[in-house]
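Notes follow the structure.
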Amino acid sequence: MDFYCREKELRKMNHRYEEGNFECIVIYGRRRVGKTALINEFCKDKKTIFFSALKTTASENLSALSKAVYQYEHPKAEDYPEFASFDAVLNEIGSLGKAERLVFVIDEYPYLAESYSAVSSRLQHLIDHEWQEGKLYLILCGSSMSFMQNQVLGYESPLYGRRTAQFKIEPLTYKETAVFNTGLSAVENAYIYGITGGIPHYINKLSVKKDLDTALINNLFDRSSYLFEEPENLLKQELREPAVYNAIIRVIAEGASKLNEIATKVGLESGPCSKYLSILIELGIIKKEKPVAEISTKKTIYMIEDNFFRFFYRFVPQNMSLISSGRFEKSYEKTVKSKLHDYMGLVFEKMCKEYLLNYADDLPFELSDIGQWWGTDAKTKKEVQIDIVAVPIQEPNKRITDYIIGSCKFKNEKIGINELKLMKEYAEVFGKGRKYYYMIFSLGGFTDELINASNNNEVKLISLSDMYK
């Protein structure tokens, strides 16, 4: 399988490898995000002991690690004797790493630590007293975000301070996602990003060969397909009460956004519901958001951060009877395709933010924060929402006076001058700046009147094709 993106991480890992010193590299990120693919690409031309820990007993993990070491030392052997203890096998790896440059990977490290609780302390001792003087290149990789952040990177961990680098592997951006399907249009690639959330594994499993509609029907809205089972399987792998988390995600997908509202619909008290939400935030499935540039947390809302979960819970549960009875394909046009434009609204906002953060090269200032803003217009008493407010880096002892105000329209029609007028009104309600830079992002293009305003530097216009250049 081809390897895409992650060039920056790969370059940094290779630079450290070439320096020849002991390394302890921590790699973490949500499941399916491409951590193991990155490690495999890094290791493919290097001497490597690759051990993927199992969710099993310490004895079985010792056996699997022993086999990985013995296969490295005796690649043609048919039998793999077991080391007497973890100390013995780790000492052997240390000896190998003294003689030559050797990469030692422990994939799914949380599984090993769960079965053998002393492993972090043993690694700490070996790093401090033996391995630091050698040429071992240790990689600890894990999908359990809370474990990796607290038990490997955290202050209380025996391994605290031993890492030489860490990489949090994030989902791909909308533009990186398009690398997988270079023959498709910008609109099609935007849809794929909105469905898969930039998770390489899901992009591959969606497998868009001819057209997106066929790929969706065959690879997501089919009970025998891999992606159909994925959200439930992921929740079962990560969580003890998947049914409760499933209910929380579902009510948020249906529009509930405030803590009390979510708790009531799920049938929980606010306290326990808040703890469940915190765990979903750790997993990267849910995000907590408040109006950008606001200090108060009273306006906090919860949204689905993971596009794949958002798409799945928006369209699969409500169509379950059609899917189960095999009648879904006939209703696809009405139940899904006709609603995709509306679904893409929030996705497009996320794409526009990624564009400003990663790809725009002519911004009026460096960004420190970006997000939505909402509040009440004191004159009309109506709720106002701004798709994007971008905040500059604050200079010492200076008030922030400049802001970017952005509008994101994933619609087929051209956007006209009225949108700019509305943005200026909303900027007045926002009221925190002295100077505003207006940007309008549009799928369907812009009217001549709005283009003239752009030529007069009143507003910057960005089309979907511009975002993919």
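Please work out if LYS298 is modelled with pLDDT under 95 and open to solvent by 40 Å² or more (accessible area, probe 1.4 Å).
The answer is yes for LYS298.
LYS55: open to solvent by 60 Å² or more (accessible area, probe 1.4 Å), of a type in the set (D, E, K, R) and within 22 Å of LEU159 (Cβ to Cβ), yes or no?
For LYS55, the condition - open to solvent by 60 Å² or more (accessible area, probe 1.4 Å), of a type in the set (D, E, K, R) and within 22 Å of LEU159 (Cβ to Cβ) - is met.
GLY416: closer than 21 Å to PHE446 by Cα and surrounded by fewer than 18 Cβ atoms within 10 Å (Cβ to Cβ), yes or no?
In short, yes.
For GLU238, all conditions in the list (1) acidic (Asp, Glu); (2) touching a residue at least 24 places away in the same chain (Cβ under 8 Å); (3) closer than 26 Å to LEU346 by Cα hold save one; what is the number of the exception?
(3)
Return the pair list, or none, for Cβ contacts closer than 6 Å from residues in the range 207-225 that are aromatic (Phe, Trp, Tyr) to residues that are crowded, with 18+ Cβ neighbours inside 10 Å, at least 6 apart or on different chains.
PHE221/ILE323; PHE221/PHE328
If only one of SER442, SER454 is open to solvent by less than 70 Å² (accessible area, probe 1.4 Å), out of contact with any helix residue (DSSP H, G or I) (no Cβ under 8 Å at 6 or more places or on another chain) and either more than 25 Å from VAL391 (Cβ to Cβ) or of a type outside the set (Asp, Glu) (or both), which one is it?
Residue meeting the stated conditions: SER454.
Answer with yes or no whether SER324 is touching a Lys or Arg at 6+ places or on another chain (Cβ under 9 Å), open to solvent by 30 Å² or more (accessible area, probe 1.4 Å) and either in contact (Cβ under 8 Å) with a residue 60 or more places away in the chain or among the polar types (S, T, N, Q) (or both).
Judged against the criteria, SER324 is a match.
Name the pairs: first residue in the range 407-432 and outside any helix (DSSP H, G or I), second residue among the acidic types (Asp, Glu) and open to solvent by 90 Å² or more (accessible area, probe 1.4 Å), Cβ to Cβ under 8 Å, at least 6 apart or on different chains?
What qualifies is GLY416/GLU449.
Which of the residues belonging to the range 193-215 are within 23 Å of ARG30 (Cα to Cα), part of a helix (DSSP H, G or I) and out of contact with any Gly (no Cβ under 9 Å at 6 or more places or on another chain)?
TYR193, GLY194, ILE195, THR196, TYR202, ILE203, ASN204, LYS205, LEU206
The values are calculated or read from the model by the stated rules, or taken from the named source; none is laboratory data. Note that the structure is predicted; figures quoted are calculated from it, not measured. Note that we place each Cβ from the backbone using ideal geometry, even for glycine, and neighbour counts take in every protein chain shown. Ligands, DNA and RNA are excluded from the accessible area calculation, which covers all protein heavy atoms including side chains. Shrake-Rupley method; radii C 1.70, N 1.55, O 1.52, S 1.80 Å.
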